[in-house]
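What follows is one structure encoded as structure tokens, with my remarks underneath.
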Amino acid sequence: MKRGIAVLVSVTALAGVAYFTATKWAIKHVTITFYDASRDNRPVPVDIAVRRDREMQADAGLITLPVAVLNHGNTVKNTEYGFLANVFAMRGYLVVSPQHDLPTDPPMVTKPGELYVGRLPQILRGVANIHLALHDMKAVQPNADYARVTMVGHSMGGDISMYFAKQYPEEVKKVVTLDNLRVPFVTAGKFKILSFRSKDPQFKTDPGVLPTDEECEKAGITVVKTDFQHNDMRDTGPDSAKDSIQGMLDKFLSDTDSEVAPVDTLSSPPKVLEPGPVALMAPAKS
């Protein structure tokens, strides 16, 4: 019995090493800075992650890369979500991660009673950064689908993602958020939504942000209730949190990436995926 356990541990360790090695050598990360002439040449650094073999195929004109836009949380660097970028990149996505706030920007202030507690200016700045990045990326990698992208974001980045999807639904394929707290979910059912929620006494979701059970069923929204802290959902978080999120995200992408038979979110209820180490996935009540 002990030998069996030892073999299992060894296999698990080897699998982890294999994944780490594959991620390190198979995925390329580069940073390019774009400048927005309409905003006094505001610099927008963009971290790009792409699988090397898929990039070569795109460069040769053999494929068109799907695009994921990864949005960071407030005061967090755009490079601090590698565990998410790697999931998308390993599945063949071109991952574009704009840096939304700069050291020269004024600090974000919470204003109770105002729309999105006064954070609309920062959200609009993020939307402008995304549009700039997608436009200028066409010159960097022309063989990618910038017309319809997957929006991904943590915390403030999740609010930016949800707001973008609400304002430009025709430009969005699907949405993944991690503990967005301010902007209500899009419930029109035009694309699938996956959201991970923390269990954190210091970070509370505003009333009306999360959809009801009925809205989730109609709109193709899947909510994952976890025991993780809000700030566990980035590279500095514990491996247990990142591994669980990666596994659930990969399953979600497996179910939604079919180009042959697109999912009709208006008639199909969200699937309840096996949660593994995280809490059971279920629609959340508002």
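Confirm whether R234 is out of contact with any Lys or Arg (no Cβ under 8 Å at 6 or more places or on another chain) and part of a loop (DSSP other than H, G, I, E, B). When the stated conditions are applied, R234 passes them.
Scanning the stretch 118-144 for residues that are touching a residue at least 24 places away in the same chain (Cβ under 8 Å) and not in a helix (DSSP H, G or I) yields R119, Q141, N143, A144.
Selection of first residues in the stretch 40-65 that are in contact (Cβ under 8 Å) with a residue 60 or more places away in the chain and more than 12 Å from S97 (Cα to Cα) and of second residues that are surrounded by 12 or more Cβ atoms within 10 Å (Cβ to Cβ) and among the β-branched types (V, I, T), restricted to Cβ pairs under 8 Å at least 6 apart or on distinct chains, gives the following pairs, ordered by first then second residue: A58/T64; L65/V50.
Part of a loop (DSSP other than H, G, I, E, B) and closer than 28 Å to K225 by Cα: does that describe M108? Considered against the rule, which asks whether it is part of a loop (DSSP other than H, G, I, E, B) and closer than 28 Å to K225 by Cα, M108 comes out as yes. Return yes when V152 is closer than 24 Å to V223 by Cα, without any contact (Cβ under 8 Å) to a residue 60 or more places away in the chain and crowded, with 20+ Cβ neighbours inside 10 Å and no when it is not. It is false that V152 is closer than 24 Å to V223 by Cα, without any contact (Cβ under 8 Å) to a residue 60 or more places away in the chain and crowded, with 20+ Cβ neighbours inside 10 Å. Just one of the numbered conditions (1) in a loop (DSSP other than H, G, I, E, B); (2) at pLDDT 95 or above is not true of M56: (1).
The residue list D227, D232 contains one member that is surrounded by fewer than 18 Cβ atoms within 10 Å (Cβ to Cβ) and modelled with pLDDT of 95 or more, which is D227. The set of residues in the stretch 185-203 being surrounded by fewer than 19 Cβ atoms within 10 Å (Cβ to Cβ) and either modelled with pLDDT of 95 or more or not basic (K, R) (or both) consists of T187, A188, G189, K199, D200, P201, Q202, F203.
The values are calculated or read from the model by the stated rules, or taken from the named source; none is laboratory data. Remember, predicted model here, so these are calculated numbers, not experimental data. Positions of Cβ are generated from backbone atoms using ideal geometry, with glycine treated the same way; all protein chains shown enter the neighbour counts.
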